[in-house]
Amino acid sequence: MDGQAHVVPTRSEKVAFVTGGSKRIGAEICHHLSASGFGIIVHAYRSIVKCKELVDEINRSGGCAEMVIGDLCESESRDAVISAVLGTKIYQGGGGIDLLVNSASLFTDSKSLDALQQATAREAMFALHVDAPRHLGAAFRESLAARNGSIINIIDALLERPGIGYADYSASKRALADLTIEQALESAPEIRVNGIGPGAILASRSERGLEQQIAELVPLQRWGEPADLAATVVFLAESNYITGQIINVDGGLSLNR
């Protein structure tokens, strides 16, 4: 496949699989993990061109990356993604994965949708935010356990009081937060499972033009950077005595909600 790594990692090197890793926060996570010595298997669904560009960039900079493509909302296509991961040179050369980052996400505003569209959107968000992390965690459990690896779920800092039109999104992310605790208890002591709740990191479509008003709600009085969240991923991946925790990277925004 185009963009495959030109270096095969040895068994002593760390390997990370990052879903939704082709752009925005996911891409920053991939860059930070690569700089920390991980070989990166980058997943994308529709952002194939961006994924290839990211993989090529990591490989040119001396890292090691490959791409896998597929829809994580459907069970059969999830299985195809898992098979693609198992077939990568990075996975085979590394003997498994050390880290699973569930970063793929849908942020759907249901205000303008009719009832059928709302139901479809809700189903897709729960499939991607809850079913996929559960499915992937089970699929890679043996590999992660053998390497005392970890799972990091990207959740959301603002779950308790969702804005109008985002109740289903927030409900699916709350379910992912619950899943994080469940996975941490079930997977211990071999695998650590933690979550990260991003706040005002990158403006969504509905937030554009409101950046200053949002910043004024943040106790630190500014937006964060994708690097702030990515650094927390690296921290949790390397912290061997932290599990079952959800860290909000939001400048304190959740304190005001």
If residue 107 meets every condition in (1) crowded, with 17+ Cβ neighbours inside 10 Å; (2) under 17 Å from the mean Cα position of the chain (by Cα) apart from one, which number is that one?
(1)
Of the residues that sit in the stretch 52-85 and are small (Gly, Ala, Ser) and either free of Cβ contacts under 8 Å to residues at least 12 places away in the same chain or not in a helix (DSSP H, G or I) (or both), which one is surrounded by the most Cβ atoms within 10 Å (Cβ to Cβ)?
65
For the stretch 146-257, list the helices (runs of 4 or more DSSP H) that sit wholly inside it and hold at least 3 residues that are more than 25 Å from residue 22 (Cβ to Cβ) and free of Cβ contacts under 8 Å to residues at least 40 places away in the same chain; which are they?
167-187, 211-217
Would you be able to say whether some residue in the stretch 160-174 is within 30 Å of residue 91 (Cβ to Cβ), buried (at least 22 other Cβ atoms within 10 Å of the Cβ) and at pLDDT 90 or above?
yes
May I ask you to verify whether residue 95 is surrounded by 15 or more Cβ atoms within 10 Å (Cβ to Cβ) and more than 19 Å from the chain's Cα centre (by Cα)?
yes
Expected single match for within 17 Å of residue 194 (Cα to Cα) and either among the charged types (D, E, K, R) or part of a helix (DSSP H, G or I) (or both) among 104, 121, 132 is 132
Determine which member of the set 202, 229 is crowded, with 21+ Cβ neighbours inside 10 Å and either within 16 Å of the chain's Cα centre (by Cα) or within 30 Å of residue 93 (Cβ to Cβ) (or both).
229
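The values are calculated or read from the model by the stated rules, or taken from the named source; none is laboratory data. Please read these numbers as outputs of a predicted model, since none were measured by experiment. Please note: Cβ atoms are built from the backbone with ideal geometry, for glycine as well, and neighbour counts cover all protein chains shown.
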